[in-house]
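Note sheet for the following structure.
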Amino acid sequence: MSAENQELTERLELIETMIAEGRRSTTRWAWTIVLWGVAFYVAIAWSSGFLGGPIWGQHYMAWPVTMIGTWLLTWGLATRMRQSAKAPMTTVGRAIMSIWTAMGISMFALLLPLGLSGRADQQVCVAAVVTLLGMANAASGILLKWKAQIACAVVWWVAGSASLFGSVTQSTIAFLAAIFFCQIVFGIYAMICESREQRRQGAANA
Amino acid sequence: MPEMPELNPVIHGKLRLALLSLLSGVDEAEFTWLREKTGSTDGNLGAQLMKLEEAGYVAMKKRFVLRKPQTLYRMTEKGRVALTEYVSALKELLGNAVISG
């Protein structure tokens with residue numbers, strides 16, 4: 001290969017390396033999975049009357065207040081973290097964010113009118129929530145080629161179907177179990193993966 | 001004999017090419033992130049980014065986050081077209097080299 005061709009090949013390799021480097025940049029987001037898992041548990045405990053006190057006694061407020069509060073907290077913290085972090089938003093990052101935003105809006109658009117109209121059946125609501133969560137996990141998992149997240153989607157869908165066939169208690173147990181595996185366990189696992197990736201990137205850039 | 005494509009001299013510089021390639025995969029990037037990824041010095045990086053900005057290939061904006069200044073760069077549509085054309089020309093040149101070689 002001539003020197004000129006060698007240089008042209010190096011230019012092409014440089015482009016490929018830099019594009020891949022840019023796409024590998026990550027911001028920390030796994031904490032949101034755990035946060036929402038905890039929020040679901042709080043909402044369930046509040047609506048079931050496990051939390052006492054004058055405020056916690058308003059059971060009908062449990063889901064709207066917890067969900068809107070958690071959404072505001074997620075939005076505030078994520079905005080602050082993204083602004084202070086050096087890693088830029090990638091195309092894949094934007095795609096994943098759009099999936100979860102659309103899922104969240106769909107959930108509010110479905111559950112709020114269901115609750116206000118008085119047509120909310122607990123088992124149907126659980127099935128709707130977990131099916132939407134399954135959809136968002138599946139879409140993210142397919143995009144990231146992440147088998148663990150696709151497995152979470154399957155767990156959500158199975159819990160959704162199970163909640164319609166069992167009793168109210170069984171439906172609640174299925175929901176609690178799915179939250180534990182798909183939000184708490186998977187969220188902690190995702191946080192560990194993020195830490196490893198950031199350490200690896202730090203070592204590579206050192 | 002077919003006419004050989006010309007390589008855009010603004011993009012052909014190694015650092016400028018690396019910067020445009022990095023910016024092609026992200027929405028916008030901070031100056032310090034670009035410096036970290038390219039391993040360049042502040043002065044050289046600033047000068048090369050200014051050349052890209054003058055050519056209209058990147059756009060710059062400044063903002064304050066937590067009272068600290070941040071300089072952000074993003075690739076413009078003109079820059080994206082220029083990089084695409086550059087890669088096509090590069091591949092064509094290498095293709096011709098393989099055929100003639």
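For the reader, a short list of remarks on this structure follows.
- B:Gly79 vs. criteria in a loop (DSSP other than H, G, I, E, B), of a type in the set (Gly, Ala, Ser), under 15 Å from the mean Cα position of the chain (by Cα) and more than 10 Å from chain A (Cβ to nearest Cβ): no
- Top-ranked residue in segment A:144-167 [being assigned to a helix (DSSP H, G or I) and out of contact with any helix residue (DSSP H, G or I) (no Cβ under 6 Å at 6 or more places or on another chain); ranked as nearest to A:Ala190 (Cα to Cα)]: A:Ala148
- If only residues of segment A:99-140 that are among the small types (Gly, Ala, Ser) and not in a helix (DSSP H, G or I) are counted, the one that is farthest from A:Thr172 (Cα to Cα) is A:Gly118.
Read-outs throughout are calculated quantities, based only on the coordinates presented, and are distinct from any laboratory measurement. Computed from a prediction, not measured in an experiment: that's the story for all the values here. Because the Cβ atoms are built from the backbone with ideal geometry, glycine has one as well, and the counts that use them run over all protein chains shown.
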